[in-house]
1. With in the same structural domain as A:Leu35 (by TED's automatic domain parsing) and without any contact (Cβ under 8 Å) to a residue 40 or more places away in the chain as the only criterion, which of A:Ala201, A:Ala167, A:Ala197 stands out?
2. Among the numbered conditions (1) more than 11 Å from every other protein chain (Cβ to nearest Cβ); (2) out of contact with any helix residue (DSSP H, G or I) (no Cβ under 9 Å at 6 or more places or on another chain); (3) of a type outside the set (Phe, Trp, Tyr), tell me where A:Val114 comes up short.
3. Cβ-Cβ distance below 7 Å, separation of 6 or more or different chains: which pairs start in the range A:324-335 with a residue that is at positive phi and end on one that is of a type outside the set (S, T, N, Q) and buried (at least 21 other Cβ atoms within 10 Å of the Cβ)?
4. I need the full set of residues from the range A:156-172 which are within 11 Å of another protein chain (Cβ to nearest Cβ) and under 22 Å from A:Pro27 (Cβ atoms), in order please.
5. Counting only residues that are among the polar types (S, T, N, Q) and surrounded by 15 or more Cβ atoms within 10 Å (Cβ to Cβ), how many does the range A:272-288 have?
6. For the structure I just gave you, tell me whether B:Ile280 is within 14 Å of another protein chain (Cβ to nearest Cβ), touching a Pro at 6+ places or on another chain (Cβ under 7 Å) and part of a helix (DSSP H, G or I).
7. Kindly indicate the residue of the range B:278-311 that is among the β-branched types (Val, Ile, Thr) and more than 16 Å from B:Val220 (Cβ to Cβ) and also surrounded by the most Cβ atoms within 10 Å (Cβ to Cβ) among those meeting that condition.
8. Could you pull out the residue among A:Asp193, A:Asp165 that is modelled with pLDDT of 85 or more and surrounded by fewer than 20 Cβ atoms within 10 Å (Cβ to Cβ)?
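The values are calculated or read from the model by the stated rules, or taken from the named source; none is laboratory data. None of the values given here were measured: they were computed from a predicted structure. Positions of Cβ are backbone-derived with ideal geometry, glycine not excepted, and every protein chain shown enters the neighbour counts.
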Amino acid sequence: MASVRLENLRKEFGPVVAVKELTLHFPDGKFAAILGPSGCGKTTTMNMIAGLEAPTRGSIYFDDRRMNDVPPGKRDVGFVFQNYAIFTHMTVAENIGFGLKIRGVDEATIRREVGKIAELLELTNMLNINAGRLSVNDMQKVALGRSMIVKPRIFLLDEPFSNLDAAFRAYMRGELKRIQREIGQTMIYVTHDQVEAMSMADHIAVMDFGVLQQFGTPDEIYNQPVNIFVANFIGSPNMNFIPCYFRSEDGRGYLVQRHGDARVLLDDQRRQLLERHPGNQDLIWGARPEHLTLHAQPSHPEYLRAMVRFLEPLGPKTVVHLELGEKDTIKVIAHPSYREPAGTVQWIEINPKYLHVFDAKTGFAVR
Amino acid sequence: MTQRPTWQIVLRYVLVLIVVGLFTFPTYWMVTMAFKPKVEWSTAHGTIYWVPQNPTLENFETVLTEYRGKFFRANQSSALPSIRSSIIVSIGGTLFALLIGTLAAYGLSRFSVDTGDLPWYIALGRLALLILVLLPFMVLWAWLGIIRYWYGILTFTLLGIGADQLIGRLLALYYRGPTGSLAFSILQLRMFPPMAIVIPVMIMWSAFKLIDTWYGLVAVYGVVTFPFVVWLMKSFFDEIPRELDEAAIVDGASNWGAFFKVVLPLAKGGLASTALFVFILNWSDFLIALLLTTRDWPTIPVFLNSLVSSEIGAQHGPKAALGLLAVIPPVVFGILIQRYLVRGLTFGAIKR
């Protein structure tokens, strides 16, 4: 096993900059995820770690060894591709044993190792089937096995589950996490699916437009997003954002809605922070739908008045879309049985603990 | 759905029959003629025999054996050497084209950045520029009197390659987008009518003493069919996802290993159909073989031509017999690789 360290990694494709000065440290034996929308440079980063693409600038270290000039076959990494990259002209056993065969391992050892891997992945009864005839689920298992058999120091997975059906994807998420914990394998997992990243990873690196936005544990990413992009990208339904400005009255701090009169009361710590913030007249406050509560009556003076526009019943919960002021809409997660008709006036309770404040110009969280 | 009127169905089948007839009748005529005795295939009586009345192997005998001194079949030579010649040069040319073409196609498919559709004005412009650049040198070479010798040809060829690459580079400086440096150079080979190419090749080959040798023909066949191999195989390689190569490389294979162990086996359907296509091209070539062979290595099409002369008349029967024999190799080849032809079209390695 090994840790992976990227230093000022940059990749250009002609005029396009895919990855911009990326500095990151994936710790040894941990499960890390690179999360971001498509085209954010996450796959390029992965390809550079594997050696399939050469960085324009910057360095890649495995532990303390600089890997830039080491060819991909010698880096001792396992790579699982989004589309499996199964060799359809071989049997399942030949696929799994490919890496060993290339390394010149003798037949008996290959057979034994393939048997072990097949057992782990429940592929034993398919070993002699032509790999092209497998279902997509089994294909991805074969791809996993083919990478695992060489016991790589670093395991790279590039959206490996995005083509699988939903139930099997959930199952594989659990399995992968179990295997990773069991053998303490360093894994780097690329995904655009926040659920995968949040549920499996020890650390998440959020990327956008080739720039690292935030690197931290799932809790940090969820609870303390550093900017609007991260805040918006994590969570489903996504965070509510309301443009506002800061106002201080009688020693109390408020965030006043820009397109309306909704005011959010701040706690003392936040108030002091925002008083000192130079851009405090151009802010955005954010709150996750799951941290808001709807009330029928304004039983507390700080509740915000809003009007129901439509409902999204999702089964275990109902997403209520409301109108706040003239222009802003706000989503609140309500009880599954919530069925108020459109036009109903509701009162929103905001827990100041879960309130996020961002500078509208820079997009960064005000902390 | 309503039933079509009967006359439409009848008309459809009549049309089908006419088209099928048009395509199969020449074959039918050749096959039957091969088995007709001379009285039946010659037009002396003015009678047409649709079916051989007295089937015979006489024509095969005539074409495969040598006659000398018999009255009208004077100096009739056997077709056997030409069959041998055809087999050697066609297979040789095909293998040569496949060898260099497949590697080139893989390179273009995976490692070249300069691919993509080329606008016609770039294509024609490049060609025109190349000819313009080379013309004065040609005059100079002719004036120096070296154009007919191997060193003149060699230097001129190198000059041509250099000029072509230079034009490509210069174009790339001023024109963003595909200028087709490599892929286009390969295609350039096919932009002339073969006749225009074969005469210079004949002059070159005589300077290199390659006329009437099997390797001379193999080289020309290889080069002439090379562009087909490149462009066909490139499209097959493009179909195979790059991730497969990458997976093999990450697992420890070299670029060559990924090519031979993973990509080529997956493209074997394409390889088989390309091989058949190129083989048929070489096998049926008349023009190149006519100009580049004299005594020892004429191929079957050239030999067929020699069966018509003022001395012996038109030997239709033996011609048909030899034609029938010449059909066998492509047909057998086709049947042998049929499995791959079908598979080549249906493989789907990866979900996209």
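1. A:Ala167
2. (2)
3. A:Gly325/A:Ala262
4. Residues satisfying the conditions are A:Leu156, A:Asp158.
5. The total comes to 1.
6. no
7. B:Ile300
8. Residue meeting the stated conditions: A:Asp193.
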